Amino acid sequence: MATLILELSLTRIFSVVFYYHFAFLAISIALFGLGAGGLFSYLIANWRGSLYFKLGTLAVLNSLMVLLALLFILTRSGDLGNFTLAAVYLASALPFFFSGAVVSMAVAEAIQRVDRVYFFDLAGAATGCLVLIPLLNHFGGPNTVLAASVLFAVSAAVWYNLAGTLRGRAGAVVLALAFVALIAYNGMHHIVDVRSAKGRPIPKEMFTQWNSFSRIGLVAFPGDYEIIIDADASTGIPGFDLERLSESQRYTLLHQGPGIPYFVRPGAKTLIIGSGGGWDIARSLASGSKDITAVEINPIIADSVMRQRFPDLSRRLYFRPEVRVFIADGRSFVRSSAEKYQVLQATLVDTWASTAAGAFALSENNLYTTDAFREYLTHLTDDGLMAFTRWGFEPARESLRLVSLSMSALRDLGETETWKHVAVVRQDSSKLEGWGAQDTILVFRKPISQDDLGRLTQALSDQHLQRVYLPGDKPANEFGGLLTTSNPELFLAKYPFDVSPLDDDRPFFFYTVQPRDVLKFLKQGGQAADYKINRALPLLFELLGISLLATLVVLALPPLFLGARLPAEKGVRKFLLYFACIGAGYILIQIALIQKFVLFLGHPTYALTVIIFSMLVSSGLGSFFSRSVLHGSGEGRLSAVLFGIAFAVCALAFVVPPVSEIGVGWALPLKIAVTVALIAPAGFLMGMPFPTGLTQLEARFPQAVRWAWALNAAASVLGSAAAIFLAIYMGLRVTLLAGACLYLGALSVVWLHRRRAPDPVPATVTATR
């Protein structure tokens, strides 16, 4: 339980202190540390002293290492170079190192009933997943990490009690209470807190609050208030008196890029996705709108800041009778809505944050896919339009991908002349070389009328905006070139960045490196203005390298530790590949399923909680019953289980999308029940191969058990990185199918081992299988 809480809470810390790309690195760090700790347990097992006393001592060190690692992470400031990141990696791995040693030794000691041991291991992890969200919501990121220290200290007290040492037990209890006191004091005085993020100090904040997917701070700037998300992305709070707007104030609201849709459709019935501090609400109200639906995913922004603590900063904008505010994921809200709107708007809707689920998936964003755009367009009236504002670059990246998504969605709805539906304007074009220029893409449900074209032309003549593309313009830039070309696929293939349309199976909107340019991008370094977006690419390759290295280390070190004591029977060492396959396969499947169910469940946090919890519980039950199901069956039933896993996962890869479509309007409890029902059969079967394999390995050579445990963890590191790689380039369905193939790989190892295995072991050992 403590290990999973530490692992997932570190993803929140990493997303704030570093960039969101590093959040999924926490998963790699955890698995690497667990594998290395499993190797280290070889040495500890030979030390003098009671096993329980050694486990208690390791648990105490584990508790202290959590605090030291947290302090080291939070005190990093200035340049985040490779040396600093390597130091962070090693420091963060230390608690998992000790945790891996404890679990490995416990499993090896209780190998005769490993089915029950593995059940309680997974049940504890499931509990950690369940309590993580309330811990983050109520105590914040740093204190949730410290909560893991409390649990590690409590576990030390349990071990010392089993060892019969009163002094050790009392010391562990005192340590746990000391960490509880530290959490309470830190909650009031913030002595262990984020002071620096992304290499720069955090400005003084009026208000700070954490939840499971963000850290929100409220900062007062001269004449302005900003809500800062994960110490990077921000949303402003307008302070206009909308009942007594001056002409200059109205001009400020409507004569900007995001104000264009209300210049074209004044008084429109509006849906705003990502309302944040309320600027788009203010723009719509200034145009005369009387029916505004505002959707904000973050309850801290919508409730704590805008409606509870600081409503007067926006002159109670969220309380106005024209405004209905919903706390929901924008895409999921649109899917379940039966209404149609004249304006659907999303202005710079993203954060550089990692949701807890985002720890497993790169910069996925289901708001920006062809499937999403089709749903948006079908929720527009015939005179409706949708407006998306993204950062402008030269050459265009994000905004041009919005155009390609729009073209694809329009064609799917039967609109063949897509160039008649799209208009592009740019604000602050002088800032194209860095951050600051904003492109607003207007996509009309029907071809733009002459009246609307006249309003757009008038708006552009009155404002400091650049006309990038209007229907009828010659292809003077990449926007006109894409919209008017007769071969969009060829245009996109030749374009210097990957701005091709993406669907829900590959929702990586922000990743724009062409596959052909991967090596070039890795060599050129972080000179481009959008480097922090595509920075995930070199990190991904570095993580793959680290993962391969970790796996090789786990394979290489035991021979150095054990020498001649290693298994000598033919085929036994090859059987260790079985554990590598199921380790990588499990994490690969888990990561893909989390992303697959985000849309169905309506929120990344729900997907994280329900998928991980249900997989851990069902796998734990599978482990618990593996002894009775596979008892005395040799490899026959194990082979059937492995094949069953592959079949169940393949079925999930094709069943989840249509179920998500059918169940869009279902109540959340029903969605959760359906998700658990879909996941449980595969999860139940996936809990059987590991304890069964360990039992069979123990029967042939007990010393290799810890090696198998460590190799399983190291392969999971490789699987976590491979899952991201496969999802980016091939999609989530292929990622799931790859996980199924890994279980078939484990099946092939079992078959080969059965053919080459030595004579059966004595019946007394066979009975433990």
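Quick notes on this structure:
- Residue in the range 634-652 that is modelled with pLDDT under 85 and under 21 Å from ALA721 (Cα atoms) present: no
- Looking at the range 160-260, the strands (runs of 3 or more DSSP E) lying wholly inside it that each contain 3 or more residues that are closer than 19 Å to VAL305 by Cβ and small (Gly, Ala, Ser) sit at 214-221, 233-237.
- Assessment of the range 282-297 against the conditions (in contact with a Gly (Cβ under 7 Å, 6 or more places away or on another chain), within 25 Å of LEU470 (Cα to Cα), of a type in the set (D, E, K, R) and part of a helix (DSSP H, G or I)) yields at least one matching residue.
- Verdict on GLU226 being within 23 Å of ILE297 (Cα to Cα), under 26 Å from the mean Cα position of the chain (by Cα) and open to solvent by 30 Å² or more (accessible area, probe 1.4 Å): yes
- Across the range 501-519, the qualifying residues are those that are touching a residue at least 12 places away in the same chain (Cβ under 8 Å) and of a type in the set (A, V, I, L, M), and the one among them that is nearest to ARG331 (Cα to Cα) is LEU502.
- Checklist (1) modelled with pLDDT of 85 or more; (2) surrounded by 13 or more Cβ atoms within 10 Å (Cβ to Cβ) applied to LYS494, failing item: (2)
- The conditions of being touching an Asp or Glu at 6+ places or on another chain (Cβ under 9 Å), surrounded by fewer than 23 Cβ atoms within 10 Å (Cβ to Cβ) and at pLDDT 90 or above are not met by VAL676.
- Being within 23 Å of the chain's Cα centre (by Cα) and under 26 Å from VAL107 (Cα atoms) holds for only one residue in SER619, SER623, and it is SER619.
- Answer residue from the range 406-435, given it is in a helix (DSSP H, G or I) and open to solvent by less than 30 Å² (accessible area, probe 1.4 Å) and is farthest from ASP383 (Cα to Cα) among those: SER408
- In the range 334-369, the residues that are open to solvent by less than 10 Å² (accessible area, probe 1.4 Å), over 21 Å from SER234 (Cβ atoms) and modelled with pLDDT of 50 or more: VAL334, TYR341, VAL343, LEU344, THR369
- Positions within the range 648-660 being touching a helix residue (DSSP H, G or I) at 6+ places or on another chain (Cβ under 9 Å) and without any contact (Cβ under 8 Å) to a residue 60 or more places away in the chain, in sequence order: ALA648, ALA651, VAL655, VAL659
- One residue stands out in the range 596-645 among those that are surrounded by 23 or more Cβ atoms within 10 Å (Cβ to Cβ) and in contact with a Cys (Cβ under 8 Å, 6 or more places away or on another chain): the one that is nearest to ASN137 (Cα to Cα), namely LEU608.
- One residue alone among ALA69, ALA86 is more than 15 Å from LEU10 (Cβ to Cβ), within 24 Å of the chain's Cα centre (by Cα) and open to solvent by less than 60 Å² (accessible area, probe 1.4 Å), and that residue is ALA86.
- Test: residue in the range 243-262 that is surrounded by 22 or more Cβ atoms within 10 Å (Cβ to Cβ), among the small types (Gly, Ala, Ser) and without any contact (Cβ under 8 Å) to a residue 60 or more places away in the chain: yes
- Test: residue in the range 512-524 that is under 25 Å from ALA372 (Cα atoms) and among the aromatic types (Phe, Trp, Tyr): no
- Matching entry among ALA184, ALA163 (being farther than 30 Å from VAL88 by Cβ and either crowded, with 17+ Cβ neighbours inside 10 Å or not aromatic (Phe, Trp, Tyr) (or both)): ALA163
- Hey, ALA156 among the hydrophobic types (A, V, I, L, M, F, W, C) and at pLDDT 95 or above or not: yes
- Scanning the range 272-329 for residues that are among the acidic types (Asp, Glu) and modelled with pLDDT of 95 or more yields ASP280, ASP291, ASP303, ASP312, GLU322.
The values are calculated or read from the model by the stated rules, or taken from the named source; none is laboratory data. Since the model is a prediction, treat every value here as computed from it, not as a measurement. Virtual Cβ from ideal backbone geometry, glycine too; neighbours counted across all protein chains shown. Side chains are part of the model used for accessible areas, which takes the heavy atoms of the whole protein and leaves out ligands, DNA and RNA. Shrake-Rupley method; radii C 1.70, N 1.55, O 1.52, S 1.80 Å.
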